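Chemist: Below is one structure. I have some questions about it.
Any read-out appearing in this document is the output of simple, stated calculations on the displayed coordinates, not a laboratory observation. Since the structure is predicted, the reported quantities are computational estimates derived from the model, not experimental observations. Here the Cβ positions follow ideal geometry from the backbone for every residue, glycine too, while neighbour counts run over all protein chains shown.
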Amino acid sequence: MSIIGMSSQQERKLAPAETIKLCHMLLSGRGEASGAAISREILNCYKRLNEPEKTEFFHLLLSEFSVEQDKARDAASAYVNDPNDQNLDRLRSASQPSRFNLLARLNQAPDAPRYLVEMRSDLLARLREAPELRFVDREFVHLFTSWFSRGFLDLRCVDWNTPAAILEKIIRYEAVHGMAGWEDLRKRINPQDRRIFAFFPPRLGDEPLIFVEVALMDEVPSTIESVLGSNNSEVPVLDIKRANTAVFYSISNCQKGLRGIPLGNFLIKQVVEELRTEYPTLKTFVTLSPVPSFRKWATDALEGKSDVRLPPEARKALDLASKDGWQDDPRTAQEIHGSLMPMCAWYLCNGNPERQSIDPVARFHLGNGARLDRINWAADLSENGMNGSFCIMVNYRYQLDEIEANHETFANKGQVVSSAAVSRVAKSFDNILARQNLLATATNGESASIESAEVP
């Protein structure tokens, strides 16, 4: 018999329902030693489940570890009748699904955070087909937000002396501007004007959670080539004494299971403080960011899949941009530029936290208190840059004395803080859309009048 009172047969693969029985056993609280053993066995059992069985397991978590409605109703009634602290505490306890306590107790097992992050990654992959499982995800988010808060993370500068195992993970996890191998990595960490900073949680060892790549420069860049160079050339190394601008040009989340946990917010702000301390000459902190959803949004509008009515010149530009090689023809590129730059400015300036169609990178930086500062044409001519945003990239500026106010404006009022130049271009496209809508309304009204006149 094992420490949890089960035979050695437990090492065999268990069905989801049997694994759930272990979860109930864990919640019954049979002591610290047995709790650690049960937690380990539950996580091992979960790993052995196939994909359909994992889906069944998550549905059982939803149905068997939710709020007990009778207890919640009684607690709510008691608080309404007598709103004292004791009844409030009772209501708070009764309204929390037992899933939260279950996940917290699973943390008794060795390497539990790693297993639970992987478990949430599996869960996220099922939310589109089973949206009801979002209630299970809420407990993961609640728990991870407390586990992976700034005070429990180690910030490390990744350099050429960092263990090879970590460097290999940096190469593999880079999600914005992919690295072909060690030589690409060397260009991003070995020169004195390049840095990579990463967050590591103590209980995950040498497993990075998120990292940011930084270039120290003497101006705000408008192209990714000016930061990374091209296949045929390298960017000259800057005398670090001349650096006045820190450029965050890539942020990569290493763990799918931590999507939505605000690690990036902490990371950028902490790195800004580190850099300001090390290099007092740094005065400007900006990003050079992609706009990964712009092309899809524009294509949807062109195909009538959104409520945005594009004017003829914008539709023509999108048609031209759908053909390969347009960037090599100066006249075609100029025509596309004239329509797509104002369209992109309008797209970014009319987003808000509740509107999921806004670009996710924009939502991240604007929510983090940055300002939409500049939109750059022909900034990323790579395949990813063309497929995501027709080669457009954006500078978001982190003005340290404005971060809090910018965050409040975006989060509470749903307003995008942008520079005067970007606002002006966005407004020009807004006027074009307004005229287009008036024309469409007038045309529809005229058609309706003609139709009514023809009715006998």
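Chemist: Based on the Cβ-Cβ distance from D328 to A17, what FRET efficiency comes out when R0 is 56 Å, to the nearest 0.05?
Modeler: 0.40
Chemist: Enumerate the calculated ³J(HN,Hα) couplings along region 266-276 in order (Karplus 6.51 cos²θ - 1.76 cosθ + 1.60, θ = phi - 60°), each rounded to whole Hz, writing x wherever the residue is Gly or Pro.
Modeler: Once θ is set to phi - 60°, the couplings for region 266-276 become 5, 4, 4, 5, 5, 5, 4, 5, 4, 5, 4 Hz.
Chemist: Just grab the label-to-label distance for L27 and A180, each label 7 Å out from Cα along the Cβ direction, in nm (one decimal).
Modeler: 5.4
Chemist: 222 nm [θ] for the chain, helices only, -39500 (n - 2.57) per DSSP H run of 4+, per residue, to 500?
Modeler: Helix contribution divided over all residues of the chain: -16500 deg cm²/dmol.
Chemist: Where does each of 45-58, 104-117 land if you order them by average Cβ count within 10 Å, highest first?
Modeler: 104-117, 45-58
Chemist: Also, I was wondering about something else. Suppose each label sits 7 Å from its Cα in the direction of the beta carbon; what would the N412-N44 distance come out to in nanometres?
Modeler: Result: 5.2 nm between the two label points.
Chemist: Also: Can you tell me how the chain classifies by the Cα gyration tensor, rounded, prolate or oblate, using a/c under 1.5 as the rounded cut?
Modeler: Oblate.
Chemist: Could you run the Karplus curve 6.51 cos²θ - 1.76 cosθ + 1.60 with θ = phi - 60° over region 401-410 and give me ³J(HN,Hα) per residue in whole Hz, x for Gly and Pro?
Modeler: With coefficients 6.51, -1.76 and 1.60, one gets 7, 10, 4, 5, 5, 5, 4, 5, 4, 6 Hz.
Chemist: Around E303, what is the net charge, scoring Lys/Arg as +1 and Asp/Glu as -1 over all other residues with Cβ under 15 Å from its Cβ?
Modeler: Taking every Cβ under 15 Å from that of E303, the sum is +3.
Chemist: Got a sec? How would W182, W297 order by Cβ neighbour count within 10 Å, fewest to most?
Modeler: Listed from fewest to most nearby Cβ atoms, that is W182, W297.
Chemist: So, one more: Which of R188, R276 comes first, and how do the rest follow, when ranked by fewest Cβ neighbours within 10 Å?
Modeler: Going from sparsest to densest Cβ surroundings: R276, R188.
Chemist: Moving on. Taking the highest mean first, how do the peptides 236-243, 418-425 order by number of other beta carbon atoms within 10 angstrom per residue?
Modeler: So the order, starting with the most tightly packed, is 418-425, 236-243.
Chemist: How large are Rg and Dmax for region 294-437 when only the alpha carbon atoms are used, in Å?
Modeler: Radius of gyration, then largest Cα-Cα span, for region 294-437: 15.1, 44 Å.
Chemist: Over region 14-147, what is the relative contact order in percent, taking alpha-carbon pairs closer than 8 angstrom and at least six residues apart?
Modeler: It rounds to 30 percent for region 14-147.
Chemist: With each label point set 7 Å from Cα along the Cα-Cβ vector, what nm distance links K71 and K256?
Modeler: Each label point is offset 7 Å from its Cα along the Cβ direction, giving 3.4 nm.
Chemist: Next question. Taking the alpha carbon gyration tensor of region 200-260, what are the square roots of 5 times its eigenvalues, largest first, to the nearest whole Å?
Modeler: Equivalent-ellipsoid dimensions as semi-axes: 29, 14, 11 Å.
Chemist: Further, regarding this structure: Can you tell me how much longer the chain between T145 and E303 gets when fully stretched, taken as 0.36 nm per residue apart minus their C-alpha distance, in nm with one decimal?
Modeler: Working it through step by step, the gained length comes to 52.9 nm.
Chemist: Further, regarding this structure: Could you work out how much longer the chain between T281 and C157 gets when fully extended? Use 0.36 nm per residue separation minus the Cα distance between them, nm to one decimal.
Modeler: 42.7 nm
Chemist: Based on the mean of other beta carbon atoms within 10 Å per residue, what is the order of 123-130, 310-317, most packed first?
Modeler: Most protected by this proxy first, the peptides run 310-317, 123-130.
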